[in-house]
Amino acid sequence: MKKFLFMPLVAVVALLCSFTPANQWELYTSADGHFSISFPEKPEESAEDNTTEENVIFKIHMATSAPADDEVYIAGWIDMTPFYPKNKTVKQILEDGRDAAAASMRATSVKTLATELSGDKPYIEFMFVTDEVTCKDRIYIINKFQYSLITIFGLKKGIQPSADKFLTSFKPL
């Protein structure tokens with residue numbers, strides 16, 4: 001008799017353990033990119049070739065998660081070693097990255113929120129708005145790698161607290 005009472009309890013516990021909590025994020029690790037970051041769901045990976053103005057070919061790597069039509073998270077990285085600017089400061093490189101990101105999205109306004117130049121993880125954090133979306137981004141320059149962490153939200157939705165959760169979960173390896 002005790003065996004029959006125990007079986008439903010085991011089934012209920014197994015069922016409860018099979019569900020992932022809604023706020024459980026996925027840890028994504030890039031061995032080649034030397035970093036980890038948490039996404040709201042498993043991201044899709046992609047890579048594409050690009051060329052500098054000096055005709056140096058490089059690859060842009062991205063991990064992208066879009067849990068809703070008006071919500072996107074992107075972690076991108078580039079190995080800048082072959083074309084790392086010798087005559088620019090880290091601050092200038094970060095600001096150039098910010099300006100290029102905003103221009104590529106046709107931003108109508110850009111606001112720098114923070115610039116951290118001390119330590120081994122310099123970054124610039126900024127927000128920008130386009131006609132369709134609002135974004136909160138952070139760009140790091142670490143060991144001649146550029147990491148671009150981008151959150152995109154619909155204008156009506158606005159920047160969500162999950163943007164900070166995503167941006168601050170970045171860890172260089």
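Brief remarks on what is shown
- Here R98, R106 are placed in order of increasing Cβ neighbour count within 10 Å, fewest first, which gives R106, R98.
- Charges were assigned to the Cβ only: +1 to each Lys and Arg, -1 to each Asp and Glu. The resulting dipole of the chain about its Cα centre is roughly 760 debye.
- The chain: DSSP helices with Cα axial extent of at least 20 Å and average Kyte-Doolittle hydropathy no lower than -1.0: 2-18, 90-104
- Dipole of region 22-172 [Lys/Arg +1, Asp/Glu -1 at C-beta], most positive-end residue of M80, I139, A66: I139
- Segment N55..V90, full-extension length gain: 10.4 nm, with 0.36 nm per residue of separation and the alpha-carbon distance subtracted.
- With helices as the sole contributors, the chain gives -7500 deg cm²/dmol at 222 nm; each DSSP H run of n ≥ 4 counts as -39500 (n - 2.57), and the sum is divided by every residue.
- Protection proxy ranking of 163-169, 26-32, 63-69 - average other beta-carbon atoms within 10 Å, highest first: 163-169, 63-69, 26-32
- For K144, a cut-off of 28 angstrom between C-alpha atoms picks up these lysines, skipping any fewer than 8 places away in its own chain: K42, K59, K86, K88, K91, K111, K121, K136, K165, K171.
- Kirkwood radius, the chain, all distinct C-alpha pairs, inverse of mean reciprocal distance: 18.0 Å.
- Per residue, the average separation of C-alpha pairs within less than 8 Å and at least 6 apart gives the chain a relative contact order of 19 percent.
Only the coordinates and a few stated rules stand behind these numbers; no lab work does. Worth saying up front: this structure is predicted, and the values here are computed from it rather than measured. Ideal geometry is used to build each Cβ from the backbone, glycine not excepted, and the neighbour counts take in all protein chains shown.
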